[in-house]
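Have a look at the structure below before the remarks.
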Amino acid sequence: MKELLIYIEGYKIKYKLNNDLADRRTARICMILANINRDSKRRKKPYSEEDFIPKPKKKMTVEQMELLLKAITMSLGGEVET
C-alpha cells in the first residue's frame with residue numbers, strides 16, 4: 001500500500017508540472033493573439049500571460065480529504081472503520 005501511495009504522489013507531482021507547462025504555453029499564445037488584436041485606445045495596458053492562466057481551485061477541507069481517502073481505500077478493496 002505504501003508503494004502505491006508513493007507512486008500516486010509522484011504521478012501527481014509529474015502531472016501538475018506538465019499541466020503547469022501546458023497552461024503557460026497556452027497562456028503565451030493567448031496573450032500574443034489578444035495583444036495583436038487589442039485596441040490600444042480602449043485598453044492601454046497590454047495583456048500578460050497571467051491574464052490567461054487558470055486560477056487554482058479551492059483547497060480541500062479535512063472532511064473532503066477524509067471522504068476521498070475512504071473512497072479510494074474502498075475502491076481498492078480495503079476496509080474503512082466507521
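The values are calculated or read from the model by the stated rules, or taken from the named source; none is laboratory data. This one's a predicted model, so the numbers in the text were calculated from it and none came from an experiment. Note that each Cβ is placed from the backbone with ideal geometry, even for glycine, and that neighbours are counted across all protein chains shown.
A few notes on this one:
- Neighbours by Cβ (under 7 Å, 6+ apart or cross-chain): first from segment 46-61, surrounded by 13 or more Cβ atoms within 10 Å (Cβ to Cβ); second part of a loop (DSSP other than H, G, I, E, B): 47/38
- Set 68, 76, 33, 21: member being touching a Leu at 6+ places or on another chain (Cβ under 9 Å) and modelled with pLDDT of 80 or more: 76
- Every residue from segment 29-82 that is assigned to a loop (DSSP other than H, G, I, E, B) and of a type in the set (A, V, I, L, M, F, W, C): 53, 60, 76, 80
- Restricting 33, 69 to those that are among the aliphatic types (A, V, I, L, M), on the phi < 0 side of the Ramachandran plot and within 23 Å of the chain's Cα centre (by Cα) reduces the list to 69.
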